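Here is the structure we will look at, set down as structure tokens.
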Amino acid sequence: MSALVPAKITPQHLQRAAYVYVRQSTLTQVHEHLESQRRQYALAEHARTWGWQHVEVVDDDLGRSGSGRVVRPGFERLVAAVCDEHVGAVFALEASRLARNNRDWHHLVDLCGLTATLLIDGEGVYDPRDFNDRLLLGLKGTMSEWELGVLRQRSVEALRLKASRGELFTTVPIGFVRTRDDRVELDPDLRIQAAIRMIFQQLLALGSLRQVLLWCRSEHITLAAVEYGAFGRTVTWKLPVYNTIHKLATNPIYAGAYVFGRTKTETRVSGGRASKRTTRREVADWPVFLPGSITWVEYEALQTQWQENAQMQGRMSRGAPRHGTALPAGLLPAGVLSAGLLRCRRCGRRLHVAYSGSQGKVHRYACRGAMVNHGTGHCLSFGGLALERAFEDAVFAVVAPGAIDAAVTAAADARTQQTERRSHAQLALDQLRYEAERAKRQYDAVDPANRLVAMSPPAWRPTRCG
């Protein structure tokens, strides 16, 4: 910008304040594109050079997009000040800093024309009341929005092409590592591989994420977690939480499949402003699916099982096994009746189990759906003793011939689980021994004559293992 005051700047403009609008679209740009920040903040000094005494810097929108899909408090404050006729000129590095959509841009230009406010960027001074300047400002706003659309379109198409080849990886899940040639391979750490296989074996056996989590907690089974710090990628071992098990169970990469586009973004208009919402696609609608721990059939079986485990979802699902002294919930591991397989013949809702008596062991089955939803009486209600006797006889008649084989199978499964837990603990012990030996070698490698090095505390700390 020239130091000479342009002719369009009048004393009336200088009597008001000059607003300098500073914006960068992402937090990454805020932290890394520092030169752009300096250029934008330098506009305040240009305003003082041209004669403005009061200069207001509006930088509330650093890290916010100008596409119109997010709220920008700084831009709203600028528009309010223009409406109050407190602004003589609005400074911005370029039109795209003020807005990347025509709605916000033309709204600001219209208000500046009504209040005799100038718009100033790195190319010149514009008076919205002048038709030539108004035309040029309109073209600047249109080009700014068009540029954003072109950049987005190119980026999305590049991502889709790379994903169609199975080469797009934003993050690599635990159990896999990224190679130098940008490929993804299994982690060579045997302990990590064994831990993941153990989790999937328990998922197939128990059929419930929460039950697997409780089993890991009770057996003190730790899982690997990747952390990125000043020294790069490090692996730590910790007890899992529910989210850890859920991510393992729902990521198709553990079934040998590469997928892209599991979610989609929907744009909705609320309160006069467009907003985005992310929703999940069905498997058949995934744009990229390259099938390749468990097979894909087992993966789909697990997803179906967890959908059936859902409670209070308004669907005809059985639900997960639940606690209770009623025979189906207490004796049978699947919780057949109280888990949702028994339903009311009249309305189709699940039957509930109610307990009464001095010790809470007398139970009845009842349909309370109509009473809860419509305020009417029970559809039906009956005692559980006679039903459970008949159910018990039918079950024992089926399982009695194979009781011995079932006991032998259960004992074999118990031995297998014990062997897996012992192997997990042995791998953890081997890793601790290796790290201890490495620390000893590092200590022995220090020259005793170099006392400054020998006396320094070691930077190595043992990894905490369960």
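Every read-out reported here was derived from the displayed coordinates using simple, explicitly stated rules and does not represent laboratory data. This structure is a prediction, so every number in the text was calculated from the model and none was measured. Here the Cβ positions follow ideal geometry from the backbone for every residue, glycine too, while neighbour counts run over all protein chains shown.
Results, tabulated for the structure shown:
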| quantity | calculated |
| --- | --- |
| Hits in region 245-279 (condition: hydroxyl-bearing (Ser, Thr, Tyr), surrounded by fewer than 18 Cβ atoms within 10 Å (Cβ to Cβ) and within 20 Å of the chain's Cα centre (by Cα)) | Thr250, Thr263, Thr265, Thr267, Ser275, Thr278, Thr279 |
| Conditions (1) touching a strand residue (DSSP E or B) at 6+ places or on another chain (Cβ under 7 Å); (2) assigned to a helix (DSSP H, G or I): number failed by Trp215 | (1) |
| Qualifying residue in region 9-20 (condition: of a type outside the set (S, T, N, Q), under 18 Å from Arg72 (Cβ atoms) and outside any loop (DSSP other than H, G, I, E, B)) | yes |
| Selected residue (only one of Asp189, Asp127, Asp133, Asp181 is acidic (Asp, Glu) and touching a Leu at 6+ places or on another chain (Cβ under 7 Å)) | Asp127 |
| Among (1) outside any loop (DSSP other than H, G, I, E, B); (2) surrounded by 13 or more Cβ atoms within 10 Å (Cβ to Cβ); (3) of a type outside the set (Asp, Glu) - the single one Thr28 does not satisfy | (2) |
